[in-house]
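Remarks on the structure that follows.
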Amino acid sequence: GIRVVSSLGLDRIEKHERALFEYTRKRLSEIEGIRIYMPEYSGSVLLFSHKSIHSEELTAKLGDLGICLRGGFHCSALGHKALGTSESGAVRASFGIFNGESDVISLCKAIRQMKK
């Protein structure tokens, strides 16, 4: 891991994660029923929810399709209270250097199919 980070450099990794975050934010915002929390923020973690699918149910279904996200309250009950997600939590997508746009396309496609 240290060799990979050293060879790529932290700036390149950060740039990749931010670009992927922004791409995901754009693609998810095109899906009816998706709410993105703190969309003005850009980094390596994106928090969202679906208006009719509980966060843990959504992540379980996505997990069955090989898409690994985290759903629920993320050990932050007060944070979710402040966001207004204390009833159903939210879904957290985290990005890294080994993720790409194809992962985002798979995520969005899977969410759209669940609505049908």
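Scanning region 7-21 for residues that are surrounded by 13 or more Cβ atoms within 10 Å (Cβ to Cβ) and either polar (S, T, N, Q) or within 17 Å of Cys108 (Cβ to Cβ) (or both) gives Ala19, Leu20, Phe21.
Picking from residues in region 24-76 that are hydrophobic (A, V, I, L, M, F, W, C) and assigned to a loop (DSSP other than H, G, I, E, B), the one that is surrounded by the fewest Cβ atoms within 10 Å (Cβ to Cβ) is Cys75. One residue stands out in region 83-102 among those that are outside any loop (DSSP other than H, G, I, E, B) and in contact (Cβ under 8 Å) with a residue 40 or more places away in the chain: the one that is farthest from the chain's Cα centre (by Cα), namely Leu83.
Counting the residues of region 44-60 that are within 11 Å of the chain's Cα centre (by Cα) and of a type in the set (Gly, Ala, Ser) gives 2. Taking (1) touching a residue at least 40 places away in the same chain (Cβ under 8 Å); (2) under 14 Å from the mean Cα position of the chain (by Cα) in turn, Arg18 satisfies each apart from (1). Taken over region 77-93, the criterion of being under 22 Å from Arg25 (Cβ atoms) and open to solvent by 70 Å² or more (accessible area, probe 1.4 Å) is satisfied by Ala82, Arg92. In region 54-79, the residues that are in contact (Cβ under 8 Å) with a residue 24 or more places away in the chain form Cβ pairs under 8 Å with partners that are in a helix (DSSP H, G or I) and of a type in the set (Val, Ile, Thr), at six or more places apart or across chains, as follows: Leu58/Ile111; Leu62/Ile111; Leu69/Thr59; Arg70/Thr59.
The values are calculated or read from the model by the stated rules, or taken from the named source; none is laboratory data. Values in this document were obtained by computation on a predicted structure and should not be read as measured data. With ideal geometry, Cβ positions are generated from the backbone for all residues, glycine too; neighbour counts draw on all protein chains shown. Side chains are part of the model used for accessible areas, which takes the heavy atoms of the whole protein and leaves out ligands, DNA and RNA. Shrake-Rupley method; radii C 1.70, N 1.55, O 1.52, S 1.80 Å.
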